[in-house]
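Chemist: One structure is given below, represented as structure tokens, and several questions about it will come after.
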Amino acid sequence: MTTKDLANLIFPNITKTVEDIEKMYPKREVDGEVTRFAPSPTGFMHIGGCYQAITDYLIAKNTNGIFYLRNEDTDKAREKEDAVKIIMDILNYYNIVPDEYEYEGDVVGKYGPYIQSERKEIYHVFIKHLIEIGRAYPCFCTPDELSVLREKQEGMKVRTGYYGRFSKCRKISIDDAYDRIKNGEKFVIRFKSKGDFENKIWYEDLAKGRLHLSENDIDDVIMKSDNMLPTYHFAHVIDDHLMHTTIVVRGEEWLPSVTKHLEMFNAFGFDAPKYIHTPLIQKKEDGKLRKISKRKDPEANMEYFKEMGYPKDAVVESLLTIINSNYEEWRDNNPDAPFTEFKFDAKKMSSSGALYDLMKLEDISKNIISRMNKDELYEESYTWACKYDEKLKELIYKDVDYYKNIINIEREQAKPRKDIAKYSDIYNLIYYMYDELFNPEYEWMKITDTTEIKNIINTYINEYYDRDDDKDTWFNKIKELAENLGYAANMKDYKKNPDNYKGNVADIATVIRVSLTGKKNTPDLYEILKLFGIDRIRSRFNKI
RNA sequence: GGCCCGUUGGUGAAGCGGUCUAACACAUAGCCCUCUCAAGGCUACAUACAAGGGUUCAAAUCCCUUACGGGUCACCA
């Protein structure tokens with residue numbers, strides 16, 4: 001019996017060779033970097049995944065390369081129904097659109113299939129080859145045996161794992177292995193490592209720099225027993241080689257396994273891609289840092305930002321600020337450029353865990369929303385409300401123009417108002433503008449005397465109000481009104497001699513403001529008066 | 001526990017041997033502006049380079065030790 005016989009026994013229907021497959025995946029005709037986002041379909045778009053996808057996308061766009069999406073569905077137990085749709089939706093929503101992908105039957109790109117479970121035959125060709133050349137072998141150890149091994153190793157205080165003298169099935173003769181498989185015994189295929197743990201190798205990570213790592217000596221499982229699908233380690237090596245990925249962006253949790261991957265690339269004579277191991281996104285709780293958790297932290301799920309109504313650009317920008325520390329500076333200097341023009345630098349990636357700051361998001365978001373014009377804000381907020389906020393949706397729907405006028409207060413100007421951080425803020429910011437929701441507890445300030453209040457608003461409406469006044473005229477009239485009623489027309493005079501006046505122009509403005517809105521703090525009064533018009537002003541004054 | 005990575009102010013961070021009495025941004029506080037708020041401008045945040053040893057004329061920057069934090073040790077990715 002030879003290794004070839006064994007390989008044929010395990011893969012009787014595989015007739016293609018490694019060379020055959022290689023021909024199907026010729027060198028790409030692009031000069032730029034080829035990156036990929038390769039999530040496992042767990043039904044969840046993690047913020048860390050989005051961080052990586054943005055990085056991949058940026059690198060590809062920067063260099064005129066390719067960014068593709070690959071579905072890593074080799075773990076059938078964990079797979080969720082709509083997982084691919086969830087990922088695609090988020091990617092599309094945030095405009096991180098892959099150049100190549102496979103979705104709902106459509107295959108875009110020549111390097112597919114882009115779904116690992118559809119690539120089974122390809123993996124088998126490579127595994128078969130590995131068995132033939134003696135770099136892979138069947139292992140019959142059961143999970144129980146493996147855990148006994150682990151306990152034994154722990155007891156001996158040696159490294160755990162299937163390596164060296166502990167890799168029992170490595171010593172089984174070809175003939176025995178052949179017979180056991182023939183008898184229907186369950187097995188996995190393991191990679192036969194030639195590494196020596198005592199040997200250190202230098203590995204250069206694009207983000208983390210030079211790292212001194214021990215060679216791999218573990219005989220990792222490369223093909224599982226039940227469905228004959230590859231494990232991540234093997235699929236990564238084959239796919240990223242065949243699809244010609246030049247830069248692999250993945251989480252830091254993969255760092256300890258790079259030596260495995262490097263050895264496998266080497267076993268095939270493939271060039272390994274470059275790697276960027278991204279820091280984990282962390283969260284602070286009770287003063288302690290920990291990995292952001294999808295169970296405890298709603299913001300770990302990209303859906304959260306949609307639900308809260310943060311503009312998509314704000315979310316991407318906020319992630320960009322932790323992807324590259326100099327991003328904010330670039331953005332300040334290039335306020336209107338698309339983010340793809342920002343030149344990504346792997347060395348500027350944080351080497352320790354990045355803490356995602358919701359306050360920062362709010363700030364970025366306020367700026368972005370403040371720069372929208374009223375039509376854009378209307379579109380965005382209405383679309384959002386239709387999905388997430390019935391009350392707001394109704395308000396908008398009832399009178400679109402009125403809504404646009406409200407959100408246009410202090411908008412579309414050089415220094416626009418910045419009070420909306422997310423669409424879910426809007427309702428509470430504007431509800432009192434609607435008569436049916438206007439049920440105020442008047443927040444009177446200095447002037448609380450009803451007679452005086454009535455006097456002020458009556459004098460104002462009867463003697464001063466004119467809808468056509470421009471802002472200066474309007475304010476001058478308020479000053480006049482103040483003066484006539486015994487209040488200081490300007491603050492400086494008042495501050496000099498407060499005793500000479502009943503109060504000042506601010507008190508008068510406050511009375512009008514509170515009468516109209518119930519609130520002591522509102523956007524610009526002049527704008528509100530204009531928005532309301534004489535009828536609404538009268539009816540609100542009459543309410544007092 | 002073994003191996004690997006990291007540690008600059010409340011937060012994200014710049015810095016890569018001298019220009020560091022340590023940038024910038026967010027947060028917080030105060031002042032200014034002002035009809036209120038949101039902004040905007042200015043200022044502050046008291047001893048921010050984890051600790052201790054080296055190397056060097058010179059260290060946040062290089063080396064070692066310790067402490068702390070993180071990652072990883074699956075037929076999960």
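Chemist: Given R₀ = 22 Å, FRET efficiency for A:Glu303-A:Glu253 by Cβ-Cβ distance, to 0.05?
Modeler: 0.45
Chemist: For A:Thr55, A:Thr231, A:Thr2, what ranking results if the residue with the fewest other Cβ atoms within 10 Å of its Cβ goes first?
Modeler: With the sparsest Cβ surroundings first, the list reads A:Thr2, A:Thr231, A:Thr55.
Chemist: Tell me the GluC sites (Glu not before Pro) within the stretch A:416-447 that lie in a loop according to DSSP and have at most 12 other beta-carbon atoms within 10 Å.
Modeler: A:Glu441
Chemist: OK, next. Taking amide H atoms as placed 1.01 Å from N in the peptide plane, list the residues 5 or more away in sequence, or in a different chain, whose amide H sits under 5 Å from that of A:Ile66.
Modeler: Amide H to amide H, under 5 Å and 5 or more residues apart or across chains, A:Ile66 pairs with A:Glu33, A:Val34, A:Thr35.
Chemist: May I ask you to compute the full-extension gain from A:Asp419 to A:Asp89, defined as 0.36 nm times their residue separation minus their alpha-carbon distance, rounded to one decimal in nm?
Modeler: Net length gain for the segment: 115.9 nm.
Chemist: Which entries of A:Lys194/A:Lys343; A:Lys85/A:Lys422; A:Lys283/A:Lys393; A:Lys312/A:Lys391; A:Lys23/A:Lys312; A:Lys186/A:Lys274 have Cα-Cα distances beyond 30 Å here?
Modeler: Correct reply: A:Lys194/A:Lys343; A:Lys283/A:Lys393; A:Lys23/A:Lys312; A:Lys186/A:Lys274.
Chemist: Rounded to whole Å, give me the distance from the Cα center of the stretch A:331-390 to that of the stretch A:259-285.
Modeler: The distance from the Cα centre of the stretch A:331-390 to that of the stretch A:259-285 comes to 30 Å.
Chemist: In addition: If you take the Cα Rg of the stretch A:416-544 and divide it by 2.2 N^0.38 Å, with N the number of residues, what do you get?
Modeler: That works out to 1.08 for the stretch A:416-544.
Chemist: Between 0 and 90 degrees, rounded to the nearest ten: what's the tilt of helix A:120-132 against the longest Cα principal axis of chain A?
Modeler: In chain A, helix A:120-132 runs at an angle near 40 degrees to the longest axis.
Chemist: From the backbone phi of the stretch A:451-457, what are the Karplus-calculated ³J(HN,Hα) couplings (6.51 cos²θ - 1.76 cosθ + 1.60, θ = phi - 60°) in whole Hz, Gly and Pro given as x?
Modeler: 4, 5, 4, 4, 4, 5, 5
Chemist: At what distance in nm do the modelled label points of A:Val400 and A:His212 sit from each other, each positioned 7 Å from its Cα along Cα→Cβ?
Modeler: Simple spin-label model gives 6.7 nm for this pair.
Chemist: What are the residues whose amide H is under 5 Å from the amide H of A:Tyr275, where those residues sit 5 or more places off or on another chain and H is modelled from the backbone?
Modeler: Amide H neighbours of A:Tyr275, under 5 Å, 5+ apart: A:Leu206, A:Val248.
Chemist: Counting other Cβ atoms within 10 Å of each Cβ, which GluC sites (Glu not before Pro) in the stretch A:1-65 have at most 15 and sit in a DSSP loop?
Modeler: Within the stretch A:1-65, the qualifying GluC sites (Glu not before Pro) (loop, at most 15 other Cβ atoms within 10 Å) are A:Glu29.
Chemist: Kindly flag which residue pairs out of A:Lys120/A:Lys260; A:Lys152/A:Lys296; A:Lys291/A:Lys520; A:Lys27/A:Lys294 have an alpha-carbon separation exceeding 31 Å in this structure.
Modeler: Going by Cα-Cα distance, A:Lys152/A:Lys296; A:Lys291/A:Lys520; A:Lys27/A:Lys294 fall outside the 31 Å limit.
Chemist: For the stretch A:450-542, with only Lys/Arg (+1) and Asp/Glu (-1) charged at the beta-carbon, what is the dipole magnitude about the Cα centre, in debye rounded to 20?
Modeler: 400 debye
Chemist: Can you tell me the relative contact order of chain A? Whole percent, Cα pairs under 8 Å, sequence separation 6 or more.
Modeler: Computed value for chain A: 11 percent relative contact order.
Chemist: Net charge within 13 Å of A:Cys139 by Cβ-Cβ distance, Lys/Arg positive one each and Asp/Glu negative one each, not counting A:Cys139 itself?
Modeler: Charge balance near A:Cys139 sits at +3.
Chemist: Right, here's the next one. Which whole-Hz couplings ³J(HN,Hα) result when phi for each residue of the stretch A:256-261 is put into the Karplus expression 6.51 cos²θ - 1.76 cosθ + 1.60, θ = phi - 60°, listed in order with x for Gly and Pro?
Modeler: Listing the rounded values in order: x, 9, 4, 5, 4, 5 Hz.
Chemist: Using only Cα atoms, locate the centre of the stretch A:89-156 and the centre of the stretch A:415-437, then give the distance between them in Å, rounded to an integer.
Modeler: Cα centres, the stretch A:89-156 to the stretch A:415-437: 50 Å.
Chemist: Only loop residues by DSSP count here, and only those with at most 13 other Cβ atoms within 10 Å; note down the GluC sites (Glu not before Pro) in the stretch A:100-154 that meet that.
Modeler: Here the sparse-neighbourhood loop sites are A:Glu104.
Chemist: Measuring from the lowest to the highest alpha carbon on each principal axis, how far does the stretch A:372-435 reach, largest first, in angstroms?
Modeler: 33, 24, 18
Chemist: Using 0.36 nm per residue, how much length does the chain from A:Glu443 to A:Ile544 gain when fully extended, once their Cα-Cα distance is taken away?
Modeler: Stretched fully, the A:Glu443-A:Ile544 segment lengthens by 35.1 nm.
Chemist: Let me know the whole percent of all Cα-Cα pairs from chain A that are separated by more than 44 Å.
Modeler: Beyond 44 Å sits 39 percent of the P(r) for chain A.
Chemist: Further question: Roughly what would the spin-label model give for A:Lys16 and A:Asp499, points 7 Å off Cα along C-beta, in nm?
Modeler: Here the modelled spin labels are 9.8 nm apart.
Chemist: Figure the gain on full extension for A:Val97 and A:Lys471 (residue separation times 0.36 nm, minus the Cα-Cα span) and round it to one decimal in nm.
Modeler: 130.0 nm
Chemist: Using a cut-off of under 17 Å, list every residue of the stretch A:167-183 whose amide N is near the label point 7 Å from the Cα of A:Arg150 along the Cα-to-beta-carbon line.
Modeler: A:167-168
Chemist: Which aspartates and glutamates, if any, have their Cα less than 16 Å from the Cα of A:Lys454, not counting same-chain residues under 8 positions apart?
Modeler: A:Glu443, A:Glu463, A:Asp507
The numbers here are math on the coordinates, done by the rules we state, and not lab data. These numbers come from a predicted model, not from an experiment. Virtual Cβ from ideal backbone geometry, glycine too; neighbours counted across all protein chains shown.
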